[in-house]
1. Net charge within 12 Å of Leu107 by Cβ-Cβ distance, Lys/Arg positive one each and Asp/Glu negative one each, not counting Leu107 itself?
2. Could you look at segment 196-342 and say what percent of its accessible area is carbon and sulfur, using a 1.4 Å probe and all protein chains?
3. Please work out how much accessible surface Ile335 shows to a 1.4 Å probe, ignoring ligands, DNA and RNA, in Å² rounded to 10.
4. Per residue, how much accessible area does segment 1-184 show when a 1.4 Å probe rolls over the protein heavy atoms, in square angstrom?
5. Can you give me the solvent accessible area of Val297 with a 1.4 Å probe, rounded to the nearest 10 Å²?
6. What does the charge count around His288 come to, taking other residues whose C-beta lies under 13 Å from its C-beta (Lys +1, Arg +1, Asp -1, Glu -1)?
7. In segment 176-236, what trypsin sites (Lys or Arg not before Pro) fall in a loop by DSSP, with at most 16 other Cβ atoms inside 10 Å?
8. Mind checking the per residue accessible area of segment 196-342 for me, 1.4 Å probe, whole number of Å²?
Amino acid sequence: MPLSVHPQVALDVVIGLVSTLSFLLDLVADLWAVVQYVLVGRYLWAALVVVLLGQASVLLQLFSWLWLTADPTELHQLQPSRRFLALLHLLQLGYLYRCLHGMRQGLSMCCQEVPSECDLAYADFLSLDISMLRLFESFLEATPQLTLVLAIVLQSGNAEYYQWFGISSSFLGISWALLDYHRSLRTCLPSKPRLGWCSSAVYFLWNLLLLGPRICAIATFSVVFPYCLALHFLSLWLVLLYWVWLQDTKFMPNSNGEWLYRVTVALILYFSWFNVSGGRTRGRATIHLGFILSDSVLLVTTSWVTDSTWLPGGVLLWAALGGACFSLGLVLRMIYYLRLHPSCSWEPDFVDGTLRLLPPERPPKLIYNRRATRLAQNFFAKLKTQAALPQAVQLNGVL
């Protein structure tokens, strides 16, 4: 008799498979570009790609190992020994192992007629860490790599097939990582429903449309002022790091790990919005959006005033295209939060004199991911008091 697969489990397996393939596709695109640059004698370009790959991989494995060692030992009973896991992370295979382990957990539940609550909670636990690591990898490696490729294309005036492949896979991979991260955060809070298909599509699109002009503006500036870009990044990154420090983040298990997290968050904020503290986020998000928009306009304007002859199609067409993408992304972002954000339908309201009650909350999970739950409480600040962690949860693990 065939077993009926839980729909949410099947969806999680598909999303995990897409995320893993996206990571591998992006890696293949980068290695392909390195080989092509070496073949045509562009050794500096190849070296820059390798350096970006290396530093991102090291930081990704470090995050993965710090989280793994902070978890209670009884939480991951089916995993190999700690020494073998340390070897995997040393070989830069820790993240890939997490992806495969999460998919195996999902496939094992597909073989169960009724998955247990503990298995479902553990699958969510694994998915949360994987989605966050994928997000970090996207901004530590894929986004700088995409900026570099765009600068090379603008400088040379044409794009090879492998460069178009890398640009497309990077843009889609970064937007997918943002969507997967947002979707995973919603699983932490009992009062938040999961993201629907329509909401997911709009969320994916507005992140893609807002992120694209920002990356293009940085790439444009780097063509005219390749050495000034490092100074520009360092200056803004220090300001953003100070802003993150002022918010007194408490994410990693120790102070050294916390500074590593803050450094990474400051880099993400250089390209996109990332919330790290509780309270109302609309004001901070608006300030950050205005800051990014002003800086991007300044970068493009400075490049145009200095030298606009190399811009393909003319500077006006180039600026109009970026402005149209940004405006459309901003409109879609407003539509999402005003109409498609699932929390909108959860507000109590009176209809024809009758009180529309909130839906019943899901039962508390047996396993909590403390790291992601704290971020979810910060991101969904309105429901922080409803979805706070039980007082009994002292560790990142089993309740």
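The values are calculated or read from the model by the stated rules, or taken from the named source; none is laboratory data. Given the structure is predicted, the values throughout are model-derived calculations rather than measurements. Cβ: placed from backbone, ideal geometry, glycine included. Neighbour counts: every protein chain shown. In case anyone asks, the SASA skips ligands and DNA or RNA and just uses the protein heavy atoms, side chains included. Shrake-Rupley method; radii C 1.70, N 1.55, O 1.52, S 1.80 Å.
1. -1
2. Exposed carbon and sulfur together represent 74 percent of the surface.
3. Its accessible surface works out to 70 Å², give or take rounding.
4. Ligands and nucleic acids excluded, the result is 45 Å² per residue.
5. Surface open to solvent at Val297 totals about 80 Å².
6. +3
7. Numbers: sites: Arg183, Arg186, Arg194, Arg214; in loops: Arg194.
When the trypsin sites (Lys or Arg not before Pro) of segment 176-236 are filtered for loop state and at most 16 Cβ neighbours within 10 Å, Arg194 remain.
8. Numbers: 7380 Å² over 147 residues.
Result: 50 Å² per residue.
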